[in-house]
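Chemist: I'd like to ask some things about the structure below.
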Amino acid sequence: MTEKNNLVEEEIVEATELNEINDVNETCECEDNSIDVECDCTAVATNKKGPDNKFLAAIDNYFGVTKSGSNFKTEIIAGVTTFMAMAYILIVNPNILSGANGGKLPEGIKSAFYVATCLSAVIGTLIMSLHAKLPFAQASGMGLNAYFAFSVVNGTNGLTLANGLLIIFISGILFLTLTLVGVREKIVDAIPKGVKDAIPAGIGLFIAFIGLQGSKIITGNPATLVSMADLNFLAVPFGIIAPMITTFVAFMLIAIFSKLKIKGAILWGILGGTALHYIMGYAGAFIDPFNAGELASTVAFYGNDAIVSSLQGVGQQIADGSAVTSTMLLDFLIGNNAGVLAPNFTAEMLNPITGFAVWGTELVGKVFTEGFIFKGDAAVIVGVFISAVLAFCMVDMFDTIGTLVGTAKKADMLDENGKLPRMKQALLADSIATCTGAICGTTTVTTFVESSAGVAEGGRTGMTSLVVAGLFFVALFLTPLAYLIPGSATSAALIYVGVLMISSVKDIDFSDVSIAVPAFLTISMMAFTYNISFGIGLGLITHCVIRLFTGEYFKKGDKCKALKADILTMVLAVLFILNFVLVSH
């Protein structure tokens, strides 16, 4: 070794002892702020000091930002991206929950659900940030809220809104108990490697599907269930096509920015899509349901019966065949294609105290004051109660596990054993969030799959989720923050994250049927059933069935090693079978 190389090695050692550097690598480049031996692939020690400011240094040390290879700018961008990708829940969740009990809830309950959704997201995400120190955000889960509103508290089985919140609270207590005794961590370990490898790809396909639906590029079809939307400019109103254009342009912006390695590509794509949304909207794309001409043309396009049927589906009591009014069309567009509506700044900037007042009288704490008061047929109530607790328990548990493992695996956050560090803390945060969500007056609070958007932007620590919690808190008082970001723009982010996550299929050994079949079902059924936990459940069931009937569990000479390893896996498979055959979904 040359004298120069010896000298540099001594400098590296000295710098390391002084905490001036924390990484020594090989490089082929001469970089600034580095101690370079020569520009010929030799040792390099790179300065990775944290911030000099004592306050920022304390935050950095607490979350381990620098240690994780991230920085404050990246974590903040990741937090903003995650918030923007999941801000839709602030609009969608109140709309869904206000349809509970057949829509016969107190006046102003929608604004109260908005407050409950915000507060529960703040609390749940803060716990994830400060306790688990992971970049995952929490809020009321999609799917679970619809099940709550239209199956559990549907106005026909005798259960009230408070009774339904009690079910959520009990399921949260059950989650919490399982977490504290360590069972949930063992459940994570019991998921076979093939299914674990399939989870990120399944989630990617699932959230891409959500994005395509949110932009209306994929629509319902009575013959094929789903199909691509009609893009014929000669037959379809521009206002109907505009959100699809926004999504496509925003998606391409994200892809181009990512290829150019521009930091914050997803965030800039969302902002670009938002700008395009308003440019096209005020250029003629926005539909005014109170304009007689636009009312008639829009109803003619969608069909009177389709609009009436859709409104009945969300709890509005409308007689079949009734003529669609401007108010009915407005409700329909809000629920089905809000991207075509101009923002109503007057209505959306009302004093937030109004929402807090209704929340305080109609939702918060009702789980304790009215949740234990039951009316109606006891047998029906008991049956619904037990099945609902089982359903919420299974769905939330595996949705959370799937999101945590899948997103962390894609971000290379798993350790050498394929486990997520601080998994127990993350599961504990999820459990507590569910309990507090029920107290606040909303459905199961769960780890959001949209957290993967922020992770894709480089978020690696609880600093990311702290930013998300802060933005949810701001949104509590600035409701237009959620309304002004169109779903068509955030849909593009979801589709792109799906592209990133689907690549994990390369880790699956498709040459082995016992691995390929469970993995395929895990991936496909997440999207086809619109449920992450169903995909995991079918993956576990088929894994056990194939190994059982091919003799893997009873091979001689290995002392039934495979059987012992899969005991908990088989228990989970049986629970999923019971869930599928005993609980209506």
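The values are calculated or read from the model by the stated rules, or taken from the named source; none is laboratory data. Keep in mind that this is a model prediction, so the values were computed, not measured. Quick reminder, even Gly has a Cβ in these numbers, built from the backbone with ideal geometry, and neighbours come from all protein chains shown.
Chemist: Could you give every pair whose Cβ atoms fall below 6 Å, whose first residue belongs to the stretch 61-76 and is at negative phi, and whose second residue is outside any loop (DSSP other than H, G, I, E, B) and among the aliphatic types (A, V, I, L, M), counting only separations of at least 6 or pairs across chains?
Modeler: F63/M463; V65/M463; E75/M463; I76/V467
Chemist: Only one of these conditions is not met by A492: (1) part of a helix (DSSP H, G or I); (2) surrounded by fewer than 20 Cβ atoms within 10 Å (Cβ to Cβ). Which number is it?
Modeler: It fails just one condition, (2).
Condition check ((1) in contact with a Pro (Cβ under 9 Å, 6 or more places away or on another chain); (2) among the small types (G, A, S)) across all residues:
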site: G355; (1), (2): no, yes
site: V364; (1), (2): no, no
site: A378; (1), (2): no, yes
site: A388; (1), (2): no, yes
site: G406; (1), (2): yes, yes
site: K419; (1), (2): no, no
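Chemist: Hey, another quick one. Considering only the stretch 129-148, I want to know if a residue exists there that is touching a residue at least 40 places away in the same chain (Cβ under 8 Å), within 18 Å of I439 (Cβ to Cβ), of a type in the set (G, A, S) and assigned to a helix (DSSP H, G or I).
Modeler: The answer is no; no qualifying residue exists.
Chemist: Which of the helices (runs of 4 or more DSSP H) contained wholly in the stretch 514-584 include at least 1 residues that are at pLDDT 80 or above?
Modeler: 532-549, 567-582
Chemist: Which residue out of G211, G204 is in contact with a Lys or Arg (Cβ under 9 Å, 6 or more places away or on another chain), under 30 Å from I240 (Cβ atoms) and in a helix (DSSP H, G or I)?
Modeler: Step by step, each of G211, G204 is checked, and only G204 is in contact with a Lys or Arg (Cβ under 9 Å, 6 or more places away or on another chain), under 30 Å from I240 (Cβ atoms) and in a helix (DSSP H, G or I).
Chemist: With respect to T461, determine if the residue is at pLDDT 90 or above and either more than 17 Å from M397 (Cβ to Cβ) or more than 18 Å from the chain's Cα centre (by Cα) (or both).
Modeler: yes
Chemist: Could you grab me the full set of residues in the stretch 49-58 that are in a helix (DSSP H, G or I), out of contact with any Phe, Trp or Tyr (no Cβ under 8 Å at 6 or more places or on another chain) and not charged (D, E, K, R)?
Modeler: Result: F55, A57, A58.
Chemist: Spot the failing condition for S452; the list is (1) among the polar types (S, T, N, Q); (2) part of a helix (DSSP H, G or I); (3) at pLDDT 90 or above, and only one is missed.
Modeler: Of (1) among the polar types (S, T, N, Q); (2) part of a helix (DSSP H, G or I); (3) at pLDDT 90 or above, only one is false for S452: (3).
Chemist: Which residue out of L390, L404, L466, L500 is surrounded by fewer than 20 Cβ atoms within 10 Å (Cβ to Cβ), more than 23 Å from S111 (Cβ to Cβ) and at pLDDT 80 or above?
Modeler: Step by step, each of L390, L404, L466, L500 is checked, and only L500 is surrounded by fewer than 20 Cβ atoms within 10 Å (Cβ to Cβ), more than 23 Å from S111 (Cβ to Cβ) and at pLDDT 80 or above.
Chemist: On the given criteria, is T442 over 14 Å from A137 (Cα atoms) and in a loop (DSSP other than H, G, I, E, B)?
Modeler: Criteria met by T442.
Chemist: Sticking with this structure for a sec: Do we find a residue being surrounded by 15 or more Cβ atoms within 10 Å (Cβ to Cβ), at positive phi and either in contact with a helix residue (DSSP H, G or I) (Cβ under 9 Å, 6 or more places away or on another chain) or not in a helix (DSSP H, G or I) (or both) anywhere in the stretch 228-242?
Modeler: No, the stretch 228-242 has no match at all.
For every residue, the table says whether it meets (1) at pLDDT 85 or above; (2) not charged (D, E, K, R).
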site	(1), (2)
D36	no, no
A57	yes, yes
G64	yes, yes
V80	yes, yes
V92	no, yes
G99	no, yes
E107	no, no
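Chemist: Name every residue in the stretch 249-265 that is closer than 25 Å to Y282 by Cα and surrounded by fewer than 17 Cβ atoms within 10 Å (Cβ to Cβ), in order of residue number.
Modeler: Within the stretch 249-265, just M252 meets the criteria.
Chemist: Please pick out the residue among S511, S503, S491, S524 that is closer than 22 Å to F83 by Cα and not aliphatic (A, V, I, L, M).
Modeler: When all the criteria are applied, what remains is S491.
Chemist: Next question. Suppose we keep only residues that are β-branched (V, I, T) and surrounded by 23 or more Cβ atoms within 10 Å (Cβ to Cβ) within the stretch 266-285. Which one would you say is farthest from G79 (Cα to Cα)?
Modeler: I270
Chemist: Please give the number of the condition G418 fails out of (1) in contact (Cβ under 8 Å) with a residue 12 or more places away in the chain; (2) part of a helix (DSSP H, G or I); (3) over 18 Å from I76 (Cα atoms).
Modeler: (2) is the only condition that G418 fails.
Chemist: Now for a separate question. Among the numbered conditions (1) touching a Gly at 6+ places or on another chain (Cβ under 9 Å); (2) buried (at least 24 other Cβ atoms within 10 Å of the Cβ); (3) not acidic (D, E), tell me where M84 comes up short.
Modeler: Going through (1) touching a Gly at 6+ places or on another chain (Cβ under 9 Å); (2) buried (at least 24 other Cβ atoms within 10 Å of the Cβ); (3) not acidic (D, E) one by one, M84 breaks only (1).
Chemist: Let me ask something else about it. More than 30 Å from T400 (Cα to Cα) and outside the structural domain of A516 (by TED's automatic domain parsing): which single residue out of F248, F209, F233 fits that description?
Modeler: F233
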